[in-house]
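Since the structure comes first, as structure tokens, the remarks are kept for the end.
What follows draws every value from the coordinates through simple rules; no lab data is involved. Only a predicted model underlies this, so the values are computations on that prediction, with no experimental measurement involved. Glycine gets a Cβ as well: all are built from the backbone with ideal geometry, and neighbour counts include every protein chain shown.
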Amino acid sequence: MGKAMHRLLTDSLGKEMLLLGNEAIARGAIEAGIGVATCYPGTPSSEIPDTFFTLYQEAGFYFEYSTNEKVALEVAGGAAISGVRSMCTMKHVGMNVASDALMTLAYLGVNAGMVIINADDPFLFSSQNEQDNRYYARLSALPMMEPTTAQEMKDMTVAAFDVSERLKLPVILRTTTRLNHLRGTVTFGQRRPITSKGSFKKDPFHYVAIPAVSRNLHKILAQKYDQSLELSERSEYNRMTGTGKWGIVTNGVSMNYVQDAVNDLGISDKVTLLRLGFSHPMPENLIVKFLKGVDGVLVVEELEPVMENEIRSIAQSKGIGIPIKGKGDNLFPRLFEFDPGLVRKTIASYFEVPDTSPQPVEVTDVPELPGRPPNLCAGCPHRAMYYAIKKVYGPDAIYPSDIGCYTLGVLPPLSMADIVICMGASVGSSCGIAAATDQKVVAFIGDSTFFHAGIPGLINAVHNKHKFTLVILDNGTTAMTGQQPHPGVDTEPMGVDTKQLSIESVVRGIGVEHVEVVNPLQVKKAVAAAQASKDFEGISVIVSKELCPLYARAIKKARKVRPFYVNQDRCTHRLDCINYLACPAMYLDDGKTMINENLCIGCAVCAQVCPENAILPLKIED
Amino acid sequence: METKRIVFVGVGGQGNLLATRLLGEACLAAGIPAVVSEIHGMAQRGGIVESALVMGDATSPIVSEGEADILVGFEPLETLRALNKCNQDTVIIVNVHPLPPFTVSIGQGVYPDVDKALETIRNAVSSLIALDGDELAAKAGNPLSLNMVMLGALIGSKSIPLDGDVLKDTISKTTKQAFLDSNLKAFDFGIAAAHSPLGPAKSGIKS
């Protein structure tokens, strides 16, 4: 008997499944006959490529975790120009990395459908900013679509491929965290056969973006923009419902909140609702028709007033003077995500109807509650390396950090992150801090992040002779986003044929003269490596190499070790373990330091840190 | 169909995302419209995990302050923290077994007294169902079956229009054979516990 087919590859038309929004997008790509899929993982987009990873070999398309979003977009663009339907997925800040390619790929256009999934993160659940990437559609002149439900995340993906192919332009499908991570019922459609091979047809006057060619390509893009405007005017995703005099415009996840609010408030006969799903270019004629039928408009959109400003501009050009409100008068906040209650209350107050929202309980006698911040896991090798570096460099050195689990080192008592900007910025910002101050600088970057955007910064540091230490925290995986492989990972156990790169070789190849590779769980050696880096005049690199314990468990490479305990007769309560390591397996009980043996993974770092040798492995009875 | 908004709160590793998802699958099997929301990523590293399931005609995947019909709390401190999701008619189902956060373990905060916390909750809402979910899960033969206990208690509370057998069927179809018995047992213990919950000041937890 063969292996059961992946559930998302079924041919059965009309099959209903409860899918994560990101799985619905993956299914949409499969129904659209995708031939090439690329990505750099990032919350909230990660489950799309992770789903592809579980089924691409069986489905017969090409998939890769690319080095970064720019590369991912270029790979997908190359495929779509060669006539193969492609998808590229990324989180919103990944679009910044990809944007150089995006702007000119829009000029070149594509020959087969290409859909770029852009996942915004209002409220910054797992991001360094909450930028509104609807502006990228405006900047690149590319069409943008915004789904509202799990079903639409699938359907719109399929539709976006068709739009892309008609216009010969990449289409951006924009989601937000709440959509990526909702689960809803999805009814499956027909699967188009997968075509994973095309051919590149030479046409330098279309594909070689030198000034003379690009002047012409920009003209073509302007024409395609007009065509996309026509498609937007006719799109089933831009629809007006109701005939009331109260106008509401909305998009994306907010559409759900608006629908529920209108029903809850019982005002559906008074409202005309305009939902913009094909949201760039905005359908001007439809908007004019809408504006002419209502007495006033409330625009319900998260983050920036993008639709609000454009609708106001359309109204102005047509001499329509009705009030158009949203962010302008602070009815809606410009920061963070919306929720159903906020939308209901604002609609009720704007249209002056009684608010039916239930009152939250009033609780006066709840004591101050202790926080539960996310934390580095018990036995995390990052903690061990932070200990070694801090022991040598002390609290006054400057510690630029980067994007990954290790950013959690910012929390006390570790306090090992002084500046975090974006992927790779630990290296570049260290160059600047080292050049502009006399302070000691030790930067931290993860393995996946190093490959993603750390290498050019390190080349800069070597070439311009900056003086600092870069610690590459190599835990063998892209840990934070869910253990995806990167160029330094051996993917053979996953049944994937890739070439594994050595971080040490890359670093030496760039020309770093002082390079040490250490296992951070060997505390003395790690401290010695930190000291040697401090003594070295110039740029030095420490590769801190130890598998992420969660990943090690997942790939069945976790060593079988005994948990530790505190021998209370030896412990003198100096609390070095708690104050310098703060491992979540340790706790204080009536002043006694204890180890939770269920959480302890036996990394033995605390035992090496304890000055009284009071931390010992548990004896396990057979 | 009447809308029911259910909020689940717990701590990373307690399995409340799986519980929410199984409830969603059961709704699909029973023909009840439902939408689930989850949070993934950075928040999962030992932090608070909140999920929600909205059943009925509403389409919003999340639940605002004061709007939960049911709050399923896998941990007492996190249940207390999520009280702002509740109104006086909310049904609260709480596992009384505390998991002190790391801040408390290293002396940077005080874990609230569990019995007092239960009293606070009892005074705030019309219905509180308290149970020692960890004990019941252990009794069922698998400490990780806490989420099944809590699903059972949700069914036992009779606060949602879903047939317990449908949910049981969903659990059976998705659980590995090795854990099936203990999961189903845990689910039944949860139903029974909802029928005879712990009374005031009887959590048996010393703080």
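Points worth noting:
- Per-residue shielding of A:177-187, expressed as the average number of other chain Cβ atoms within 10 Å of the residue Cβ, stands at 6.
- At q = 0.18 Å⁻¹, base-10 log of I(q)/I(0) for segment A:238-350 (Debye sum, equal scatterers on each alpha carbon): -0.84
- Selection from A:GLY404, A:VAL462, B:GLY156, by position along the positive dipole direction of the protein assembly as shown (Cβ): A:VAL462
- Taking every DSSP helix (H) stretch of at least 4 residues in chain A, weighting each as -39,500 (n - 2.57) and dividing the sum by the residue count yields a mean residue ellipticity at 222 nm of -11000 deg cm²/dmol.
- Measuring between their Cα centroids, segment A:577-601 and segment A:193-226 lie 61 Å from each other.
- Its Cα centre serving as origin, chain A has a Cβ charge dipole (Lys and Arg +1, Asp and Glu -1) of approximately 1280 debye.
- Efficiency of FRET between A:THR241 and A:SER415 - r from beta-carbon atoms, R0 45 angstrom, step 0.05: 0.25
- Tilt relative to chain A, helix A:69-81 - C-alpha long axis, 0 to 90 degrees, to 10: 40 degrees
- Over 23 Å between alpha carbons, listed pairs A:LYS154/A:LYS289; A:LYS91/A:LYS289; A:LYS270/A:LYS345; A:LYS327/B:LYS4; B:LYS85/B:LYS168; A:LYS91/A:LYS197: A:LYS154/A:LYS289; A:LYS91/A:LYS289; A:LYS327/B:LYS4; B:LYS85/B:LYS168; A:LYS91/A:LYS197
- Among A:CYS377, B:CYS86, sorting on how many other beta-carbon atoms sit within 10 Å of each Cβ, with the fewest leading, yields A:CYS377, B:CYS86.
- Within the same chain, lysines fewer than 8 places from A:LYS391 are excluded, and of the rest, those with a Cα less than 19 Å from its Cα are A:LYS440, A:LYS524, A:LYS525, A:LYS534, A:LYS545.
- Taking A:HIS206, A:HIS466, A:HIS486 and counting other C-beta atoms within 10 Å, the order from fewest to most: A:HIS206, A:HIS466, A:HIS486
- Measuring nothing but how far apart in sequence close Cα pairs (under 8 Å, 6+ apart) lie, relative to its length, segment A:564-617 scores a relative contact order of 51 percent.
- Percent antiparallel among DSSP beta bridges (both partners in chain A, rounded to 5): 25 percent
- The angle between the Cα long axis of helix A:381-393 and the main principal axis of chain A comes to about 60°, on a 0 to 90 degree scale.
- Whether chain B is rounded, prolate or oblate, judged on the alpha carbon gyration tensor where a/c under 1.5 counts as rounded: rounded
- Around the amide H of A:PHE63, modelled in the peptide plane, lie the amide H atoms of A:ALA37, all under 5 Å away and 5 or more residues distant in sequence or on another chain.
- Cβ crowding within 10 Å, taken as a proxy for footprinting-reagent exposure, orders A:VAL115, A:VAL506, A:VAL294 from fewest neighbours to most as A:VAL506, A:VAL294, A:VAL115.
- Cβ-defined net charge surrounding A:ALA607, 13 Å radius [Lys, Arg +1; Asp, Glu -1]: +1
- Prolate/oblate/rounded call for segment A:564-617, Cα gyration tensor, a/c under 1.5 rounded: rounded
- Ordering A:HIS206, A:VAL115, A:THR177 by Cα displacement along the dipole of segment A:7-234 toward the positive end leaves A:HIS206 in first place; charges were set at the Cβ atoms of Lys, Arg (+1) and Asp, Glu (-1).
- Ordering of A:355-363, B:132-140 by packing [mean C-beta count within 10 Å, highest first]: B:132-140, A:355-363
- Taking Lys and Arg as +1 and Asp and Glu as -1, the other residues whose beta-carbon sits under 10 Å from that of A:THR43 total -1.
- Local net charge near A:THR272, Cβ-Cβ under 12 Å (Lys/Arg +1, Asp/Glu -1): +4
- Taking chain A and dividing mean pair separation by its residue count, relative contact order in percent (alpha carbons under 8 Å, at least six apart): 10 percent
- Whether the protein assembly as shown is rounded, prolate or oblate, judged on the alpha carbon gyration tensor where a/c under 1.5 counts as rounded: oblate
- Shielding value for A:354-360 is 5, the average number of Cβ atoms from other chains within 10 Å of each residue's Cβ.
- Whole-Hz couplings from phi, Karplus 6.51/-1.76/1.60, listed for segment A:613-619; x for Gly and Pro: 6, 8, 9, 10, x, 5, 7
- In order along segment A:213-222, the Karplus-derived 3J(HN,Hα) couplings, from 6.51 cos²θ - 1.76 cosθ + 1.60 at θ = phi - 60°, round to 6, 5, 4, 6, 5, 5, 4, 4, 4, 4 Hz, and Gly and Pro are given as x.
- Loop-located chymotrypsin sites (Phe, Trp or Tyr not before Pro) in segment A:138-219 (DSSP state not H, G, I, E or B) with no more than 16 neighbouring Cβ atoms inside 10 Å: A:PHE200.
- Across segment A:7-234, C-alpha contacts under 8 Å between residues 6 or more apart give a mean separation that, scaled by the residue count, equals a relative contact order of 29 percent.
- Reach of A:LYS202 by Cα under 18 Å, taken over lysines that are not fewer than 8 positions away in the same chain: A:LYS168
- Averaged over B:23-29, number of beta-carbon atoms from partner chains that fall within 10 Å: 3
- Peptide ranges A:311-319, A:340-348 listed from the most packed, as the mean C-beta count within 10 angstrom indicates: A:340-348, A:311-319
- Nearby aspartates and glutamates by direct alpha-carbon distance to A:LYS70 (threshold 12 angstrom, same-chain neighbours under 8 apart not counted): A:ASP100
- Dipole in debye (nearest 20) - chain B, about Cα centre, beta carbon charges: Lys, Arg +1; Asp, Glu -1: 340 debye
- In chain B, the DSSP-assigned H stretches of four residues or longer account for a calculated mean residue ellipticity at 222 nm of -12500 deg cm²/dmol, using -39500 (n - 2.57) per stretch and the full residue count as denominator.
- For segment A:564-617, a simple Cβ point-charge model (Lys and Arg +1, Asp and Glu -1, everything else neutral) yields a dipole of about 100 debye relative to the Cα centre.
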